[in-house]
1. Checking the table 373/405; 87/124; 124/187 against a 19 Å threshold on Cα-Cα, which pairs fail?
2. Are there trypsin sites (Lys or Arg not before Pro) in the stretch 356-408 that DSSP puts in a loop and that have at most 13 other Cβ atoms within 10 Å, and which ones?
3. Working from the pairwise distances between different alpha carbons, so that the mean of 1/r is found and then inverted, what is the stretch 133-273's Kirkwood radius in Å?
4. Treating only the Cβ of Lys, Arg, Asp and Glu as charged (+1, +1, -1, -1), what charge dipole size does the chain show about its Cα centre? Round to the nearest 20 debye.
5. Give the separation of the Cα centroids, the stretch 211-227 to the stretch 334-408, in Å.
6. Tell me the net charge near residue 167. Cut-off is 13 Å between Cβ atoms, residue 167 excluded, with +1 for each Lys or Arg and -1 for each Asp or Glu.
7. Evaluate the charge dipole of the stretch 9-113 about its Cα centre and quote only its size in Debye, nearest 20, assuming +1 on the Cβ of each Lys and Arg and -1 on the Cβ of each Asp and Glu.
8. Give me the three principal axis extents of the chain from the C-alpha atoms, as integers in angstrom, largest value leading.
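Derivation of every value follows stated rules applied to the coordinates shown; laboratory data play no part. Computed from a predicted structure; not experimentally measured. Cβ atoms come from the backbone with ideal geometry, glycine included; neighbour counts cover every protein chain shown.
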Amino acid sequence: MTEPTLYTDQQIRTSKILTVSELNRLANQVLTQNFPLFWVSGEVSNLTRAASGHWYFSLKDAGAQVRCVMFKGRNSYLDWTPLEGDKVEARCTVSLYEARGDFQLTIEFLQRAGLGVLFAAFEKLKAKLQSEGLFDPDLKKLLPAHPKQIGIVTSPDAAALRDVLTTLKRRMPSIPVIIYPTPVQGKGAAVLIADAIQQANQRAECDVLIICRGGGSIEDLWQFNEEIVARAIAECSIPTISGVGHETDFSICDFVADVRAATPTAAAELASPSRVNIVSAIKQLSQQLARSIQYQLNQRTQALDYIARRLTSPSQQIEQQKVQLSQITYRLNSALKQQLQSKQHNVLRLSQNLAHLNPQAVLTRGYAFVQNKTGEIIASSQQLHTGEQVRLTFGLGVAEATINKTTT
């Protein structure tokens, strides 16, 4: 491919007749030299995704439109795809497609309209709060290893809540959960999220507080970038876990919270111990106990064998050796008894701890738990309505019931 010929003003003035190719090449030269890289905003129209991977579309506003091309090497870096009617901001250069003489923009980068403002606001607030020390690692509270109750700040209708509850039930079903409901998206949601966090802090019912919602665009997650939410988290005396969005999403909430989780499910795993791991640890301790007892028995048996070999023939010392043997036997039995009692006490303590963690044991003491027709566990009378059908699970058996009256 030959390099394009560049023309000077003198050549243009002295040239009598230009070919079409020369004219278009000259026009392209003028455009590219006089329009450096710049930003332009508009609405996407007539979008075509070619088999080559290039995107062809127009940007328009109320009074005009311009053709655009975004080559595959550039659009492959985007983590989203524009749609017809999307408001966008494009970083581009001006050029002329010489083969058709079409004026066009070559798009280098594309983003949704307004993102630049949002990112700027995000960085400004982040810098402000960081300068005030709200992100200081020394202020982060440790999560409890064995929480007695877990709180969740999120929307009751969010898929993230179902993921968190499923994970908590799988890991440690005996831990009660309190939900502090709030919208997590839309105008005014930030104030309600902050109110829910403050309510959880004032009621002080939980040992750890999960603040979560599922993934979405930066606009969807923006309520967790508001200063009022950040300050509510910073003022919360309960250890907090931020589980907002997907692994690649970051919010101001993540930086202020005591722990940042990649997803709501990961937040649930950080908040709760694993019953499977606890049972496994108890089994390991039991095996260690058995090996320790067997080792002590082997050691004492070898000592007895050694003493017995010294009594191969009668002598005047036989009575003395009998006394010594009796004393050693007594000490051996006493030591074994003491060891056994100590190990049995540890086994009993571990068994009691395991039984304490068993939710069925709670039910056998006269308690029951209530579920609505969808299987959700009812923790408050405010979740019930008169005439609603519920299911009662006891230590032995279940029963169906109808709600006649509720009180708060």
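1. Checking Cα-Cα distances, 87/124; 124/187 exceed 19 Å.
2. For trypsin sites (Lys or Arg not before Pro) across the stretch 356-408 that sit outside H, G, I, E and B with at most 13 neighbouring Cβ atoms in 10 Å, the list reads 365, 373, 405.
3. For the stretch 133-273, the Kirkwood estimate is 14.5 Å.
4. Using only the charged Cβ atoms, the result is roughly 2320 debye.
5. Each part's Cα centre sits 36 Å from the other's.
6. Counting the neighbours of residue 167, the net charge comes to +3.
7. Dipole of the stretch 9-113, to the nearest 20 debye: 220 debye.
8. Here the spans come out as 141, 71, 45 Å, largest first.
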